[in-house]
Amino acid sequence: MVAPPQRLLIDTDPGQDDAFALLLALASPEELDVLGITCVAGNVPVEKTSRNALQICELAGKREIPVFAGCDRPLAQELATAEEVHGSSGLDGATLPGPTLCLQEGHAVDFLIATLRAEPAGSITLVTLGPLTNVATALQRAPDIGPRLQRVVMMGGAFFEAGNSSPVAEFNIWVDPEAARIVCESGIPLVMAPLDVTHRALTPPFWKEALATLPAPLGPTLRGWVEFYERYDRAKYGWDGGPMHDPCTIAYLLQPQLFSGRSVPVRVETEGEFTRGMTVADWWRMSGERDNALFLTEVDREGFFRLLYERLTRLR
């Protein structure tokens with residue numbers, strides 16, 4: 001018997017790597033049923049992340065997916081964005097026509113709450129690809145929705161790999177540490193794809209060449225995004241490629257055997273002068289706290305990019 005597709009809500013701040021994650025999910029309807037996309041301020045302001053999500057849905061030919069705009073600033077600090085990585089639009093590297101799709105009426109937080117209250121408890125996985133402001137706000141307004149989630153699969157955090165926005169903090173957590181702390185302490189089962197694993201998912205040359213063989217507008221758009229996105233990591237780290245952070249979450253849902261890690265207690269630091277935004281993974285369980293997250297550390301890079309390419313070809 002074929003298992004029914006996993007039912008997903010995706011909270012995101014597109015971003016080129018977010019775009020690949022969304023396309024991977026939208027290209028996998030047999031396994032993943034995307035109920036909606038909620039957008040948050042992060043890589044760029046929320047007006048741009050929302051527009052980008054609409055453009056990605058149109059590029060995928062998935063016009064039926066509802067897209068909602070959400071929170072425009074973190075819970076307790078000013079918004080910090082990442083145009084130096086993603087460009088002024090968030091999706092620099094390719095030019096797409098303005099979206100003909102429109103955002104749904106209402107706020108992303110209200111949509112999250114209403115959907116989780118309406119659907120059977122334990123039937124929905126929430127995938128988070130950006131700062132956790134929308135999710136934390138929903139949990140604050142409606143604490144009853146936490147136990148209704150099956151799990152949260154998030155791109156965020158770092159421990160052994162250190163940080164990419166401070167010496168110890170990964171961008172999604174650093175932008176809104178208070179929100180991340182709320183989610184990590186919510187009791188919802190967590191799967192974390194931190195920099196420890198995403199920095200092992202560097203774009204290989206053969207994959208970029210393969211993208212160029214896809215028909216227009218998909219192939220040229222994807223290749224353009226990758227080439228623009230890689231330039232930052234080449235300059236900063238000297239890498240021959242860029243990390244596909246966000247697609248690791250969707251790939252984990254599709255083929256969890258590609259990944260390995262350990263269930264550990266994870267907490268988020270919000271007070272430290274030098275450590276604000278750090279995700280503290282208690283690898284050796286020294287704190288006595290309960291495990292609250294599967295913390296991924298390894299990925300089969302070849303298998304990951306093979307999966308990503310194969311699914312993208314379905315969008316022809």
(request) Only helices at least 24 Å long along their axis, Cα-based, and averaging -1.0 or more on Kyte-Doolittle count here, so list those DSSP H runs from the chain. (result) 218-237
(request) Mind checking which of 136, 29, 98 is farthest towards the positive end of the chain's charge dipole, using Cβ charges of +1 (Lys, Arg) and -1 (Asp, Glu) about the Cα centre? (result) 29
(request) Given the peptides 115-127, 83-95, 168-180, arrange them by the average over their residues of other C-beta atoms within 10 Å, most packed first. (result) 168-180, 83-95, 115-127
(message) For the chain, compute the orientation-averaged projected area of the C-alpha convex hull (one quarter of its surface), in nm².
(response) 15.4 nm²
(request) Multiply the residue separation of residue 263 and residue 1 by 0.36 nm, subtract the distance between their alpha-carbon atoms, and state the gained length in nm to one decimal. (result) 91.3 nm
(request) Using a 10 angstrom cutoff on alpha carbons, build the Gaussian network for the chain and name the most mobile of 252, 229, 237. (result) 237
(request) Report the antiparallel proportion of the DSSP beta bridges in the chain as a percent, rounded to a multiple of 5. (result) 25 percent
(request) Determine which aspartates and glutamates satisfy two conditions relative to residue 62: a Cα distance under 19 Å, and not lying fewer than 8 residues away in the same chain. (result) 11, 13, 17, 18, 30, 31, 33, 105, 310
(message) Taking 22 Å as R0, compute the FRET efficiency from the Cβ-Cβ separation of residue 165 and residue 286 and round it to 0.05.
(response) 0.25
(message) Can you tell me which of 143, 131, 14 moves the most in a GNM of the chain? Springs connect C-alpha atoms under 10 Å apart.
(response) 143
(message) Below 8 Å, C-alpha to C-alpha, sequence gap of six or more: please give me the relative contact order for region 113-170 in percent.
(response) 38 percent
(message) For the chain, what does the helix formula give at 222 nm: sum of -39500 (n - 2.57) over DSSP H segments with n ≥ 4, over the residue count, nearest 500 deg cm²/dmol?
(response) -10500 deg cm²/dmol
(request) Quote the relative contact order of the chain in percent (integer), defining contacts as alpha-carbon pairs under 8 Å separated by 6+ residues. (result) 19 percent
(request) For a quick protection proxy, order the peptides 211-221, 60-70, 240-250 by their average other-Cβ count within 10 Å, most packed first. (result) 240-250, 60-70, 211-221
(message) Taking amide H atoms as placed 1.01 Å from N in the peptide plane, list the residues 5 or more away in sequence, or in a different chain, whose amide H sits under 5 Å from that of residue 7.
(response) 33, 125
(request) Could you calculate the contour length gain from residue 72 to residue 314, that is, 0.36 nm times the residue separation minus the distance between their Cα atoms, to one decimal place in nm? (result) 83.8 nm
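Throughout, read-outs are computed from the coordinates displayed, never taken from laboratory work. Since the structure is predicted, the reported quantities are computational estimates derived from the model, not experimental observations. Every residue, glycine as well, gets a Cβ built from its backbone with ideal geometry; the counts of neighbours run over all protein chains shown.
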